[in-house]
Structures are given as structure tokens and as C-alpha cells.
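Structure record follows, encoded as C-alpha cells.
The numbers here are math on the coordinates, done by the rules we state, and not lab data. What you see is a predicted model, and the numbers here were worked out from it, not measured in a lab.
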């Protein structure tokens, strides 16, 4: 007889959901019969939800209990930047090994940190779309006016004028962008 009846501890290990039902105050054998099958399924689902809710740990509780996780989240950006810098250096080195003598020396000169910083600064400030658009428009309109005037009045067109017109249009484009941003900022 002792062999046929399992030990209570073995029963708990084999069926943890039965332990939850015991804690809730009912057993599978002593639950009242449901009126319909749907009600029986609903009550079983509700008891399962309650059992799960007792054993669930939220992510906020884990974060509060694990301060190392917070430090990892803060260092993700630094880790990503470090990996990007290392990959950039590795790719640059691989590319430079494939270049010939003069090209390799020029690449090493161009990719020095001081030269790269100046180049990035110039790319952000000098090559403004508003300046280029203004310069191109100013050079086109100004050159057309001067060309028609030169043809009508009979003087020679100086091609250096194109460069001056482009520079003037570039300056007007930058000034118009600054003015637009200034008024947009103060309007809101």
C-alpha cells in the first residue's frame, strides 16, 4: 500500500498547479461542479491567472534589484561609439594597405584626426545647401544680366565675374537662412 500512494513532496514536485489550487483553498477533487462547461473553463483560467500573478516578477522590480543593469544601459552609447571607432580604424587600415605609395601617403595625411576634424567642420558649415543654392542662382542671374548687357553695349564679358557673383549669392543664401531661422525661432 505504501508503494502505491506517492509521497506528498513528490506530488508537489509533479504538479505545481495543484499546489497553487491548494493554496487558493480548493483542490481538484473538492471544487464545486460548474453549472456549464464554459463557466468551468473560465474559473480554471481565472485560477491560473491568479497563480501566475503570484509568481511573476516585473522588469521594474528586476531593474531595482539589479543596479548593474542600469550601469550597462548607460554605457551602451559609449560601447557603440567605441566599436564604431575601432571598426572605422580597421577598415581604414585595410583600405590603406591596398593603396599604392602616393595614394597611401595622401590617405594617411587626409585621415589624421586634426585634418578630419577640420574637414568635418567645413562640411557642416561651408557646404550649406542654402549657400550653394544662393550662389548658383546669383551666378546664373548675374551672369545672364552682364552677358546681355555686354552684348547690347559692346564690352567684353569677364569670366572672373562669375566667381564674384557666386560668392555674393552664397553669402546672400547664408544670410537668408540665418534670417529665416532667427525669425522662426523668435516667432514660436
field: Of every Cα-Cα pair in segment 127-187, the percent that sits beyond 14 Å
entry: 59
message: Rounded, prolate or oblate, given the Cα gyration tensor of segment 84-124, with a/c below 1.5 counting as rounded?
response: oblate
task: Please give the length that would be gained between residue 124 and residue 185 if that part of the chain were fully extended, namely 0.36 nm times their separation in residues minus their C-alpha to C-alpha distance (nm, one decimal).
output: 19.9 nm
- prompt: Tell me, in nm to one decimal, what length is gained between residue 104 and residue 137 on full extension, where the rule is 0.36 nm per residue of separation less the Cα-Cα distance?
  reply: 8.0 nm
message: At 0.36 nm per residue, and after removing the present C-alpha to C-alpha distance, how many nm does the segment from residue 47 to residue 150 gain when stretched out fully?
response: 27.6 nm
